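No value in this document is a laboratory result; all are computed from the given coordinates. Because the structure is a prediction, the values reported are computed rather than measured. Here the Cβ positions follow ideal geometry from the backbone for every residue, glycine too, while neighbour counts run over all protein chains shown.
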Amino acid sequence: MSHLQASELFSVKDRVVVITGGGSGLGRIITRSLAVNGVSKIFILGRREDALHETAAQAPEGIVIPVQCDVTSKDSLEAAYQAVAAQTTHVDILFANSGIMGPMMRSPQPKADGSLPSITEIRDELYNIPMADFTNVMNVNVTGAYYTVLAFLPLLEAANKRRAAPQQGVMSPPTAQVVITGSLAGFNRKPPFSYAYNVSKAGVHHLVKMLSTTFTSYDIRFNGISPGLYYSEMAEHVFDTEGIKGTGISDGSFPREMIPLTRGGAEQDMAGLVVWMASASGGYLNGTIIVTDGGRLAQVPATY
Ligand SMILES: NC(=O)c1ccc[n+]([C@@H]2O[C@H](COP(=O)([O-])OP(=O)(O)OC[C@H]3O[C@@H](n4cnc5c(N)ncnc54)[C@H](OP(=O)(O)O)[C@@H]3O)[C@@H](O)[C@H]2O)c1
């Protein structure tokens, strides 16, 4: 029964991985998680070279390769693709993880006396935010993820061509996979932070489903991760607002009405998920969005 042991089920040995946004937050966690579990190479993409190098320094030497890239530029994506293609024959898994929150674009908040703001006040607050700010969030989160996927298709196809011929009674190894980072916000109708962000992440979830449908015939799988609250540069302001010190990963860090498990997501929560998705036993996933949120989506209505 050795094929049912955790070391076999969750093996990511020798995989070649690309991760956008690998210089910080969840991208760094994904990189660290895969790097210590036997993958062969991880190319991490992002605009800040220093942040990418900082992540690389946290992994076993030589595994993580920084590649500067702005996912909103096709020229930059193509240069990154060529840089990766010069160093590997294939890519088994692409994590399209880069994303931004953009400025606050909140739903109407009750005033101190409990009354709702007027329509004029709502209009003034939201209409004053430049359209370019809204578009920029869509540009990074949706357009950037979409073009990242397109850029790396040939190397994903090349991974499939390396798969061994099927053997009767033996589970075939996983086909190439793309994992796009969505968000709990993509399910949430009441945006605490931003209309643009929530809409962009709903778009990301639908993008995962559309791409998984399109590429079934090519054996390239598409799945999504939909995190709740994990400590990161992007999420730091939520921790500040709630008065949380540190990463908030122990029970009692957050009120239950905000996060039913009363804590934020830990590195281990994300690591276990991505190692499974990237492993042999994750090979049957396709077109799925996996929510990792401590039960927030289970609350109806979702208020945070
Ligand atoms: N943390 C959470 O609670 C949470 C919850 C739900 C979803 N998410 C999602 O998780 C993903 C990672 O976010 P995070 O929380 O880890 O925040 P983060 O630390 O701010 O990471 C965002 C990453 O995206 C990269 N990025 C931004 N714009 C880019 C561009 N134009 N080109 C290339 N890379 C770009 C950044 O790198 P550079 O600045 O160096 O380019 C950065 O490494 C995002 O998609 C986010 O929406 C996070």
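Check the straight Cα-Cα distances from Lys161 and name the aspartates and glutamates below 19 Å, setting aside those fewer than 8 residues away within the same chain. Within reach: Asp14, Asp92, Asp219. Neighbours of Gly252, meaning other residues whose beta-carbon lies under 13 angstrom from its beta-carbon, give a summed charge of +1 when Lys and Arg score +1 and Asp and Glu score -1.
Amide H contacts of Val64: Ile42, each under 5 Å away and 5 or more positions distant or on a separate chain (H built 1.01 Å from N in the peptide plane; Pro and chain starts excluded).
Using alpha carbons only, how many degrees (0 to 90, rounded to 10) separate the axis of helix 25-35 from the longest principal axis of the chain? Helix 25-35 sits at roughly 20 degrees to that axis.
Using just the helices of the chain, give the 222 nm mean residue ellipticity in deg cm²/dmol: DSSP H runs with n ≥ 4 each add -39,500 (n - 2.57), and the total is spread over all residues, rounded to 500.
On the way: 10 runs with 109 residues, N = 304.
Result for the chain: -11000 deg cm²/dmol, rounded to the nearest 500.
The distance linking region 138-170 with region 239-260 is 37 Å (Cα centroid to Cα centroid, whole angstrom).
Electrostatic bookkeeping for Phe95 treats Lys and Arg as +1 and Asp and Glu as -1; over the other residues with beta carbon under 15 Å from its beta carbon, the sum is +4. Less than 5 angstrom separates the built amide H of Ala176 from those of Asn160, Arg221, all sequence-distant by 5 or more or on a different chain.
Any idea what the relative contact order of region 1-117 is, in percent, if you count C-alpha pairs under 8 Å spaced at least 6 apart?
Numbers: 186 pairs, mean separation 30.5, N = 117.
Relative contact order comes out at 26 percent.
Per-residue Karplus couplings for region 274-280, computed as 6.51 cos²θ - 1.76 cosθ + 1.60 with θ equal to phi - 60°, are listed in order as 6, 5, 4, 4, 7, 8, 4 Hz, Gly and Pro entered as x. Expressed as a whole number of Å, what is the distance separating the alpha-carbon centroids of region 210-236 and region 44-84? Region 44-84 and region 210-236 have Cα centres spaced 19 Å from each other.
Shape class of region 131-286 from the Cα gyration tensor (axes a ≥ b ≥ c, square roots of the eigenvalues): oblate, since a/c reaches 1.5 or more and a/b does not exceed b/c. Once backbone amide H atoms are built at 1.01 Å from N, Phe95 has Val18, Ile19, Thr20, Val179 as its partners under 5 Å, excluding neighbours fewer than 5 places away on the same chain. Using θ = phi - 60° in the Karplus curve 6.51 cos²θ - 1.76 cosθ + 1.60, the 3J(HN,Hα) couplings for region 227-242 round to x, x, 9, 10, 5, 6, 4, 5, 8, 3, 5, 5, 4, 4, 4, 7 Hz; x is entered for Gly and Pro. Relative to the longest principal axis of the Cα atoms of the chain, the long axis of helix 195-214 makes an angle of roughly 30 degrees.
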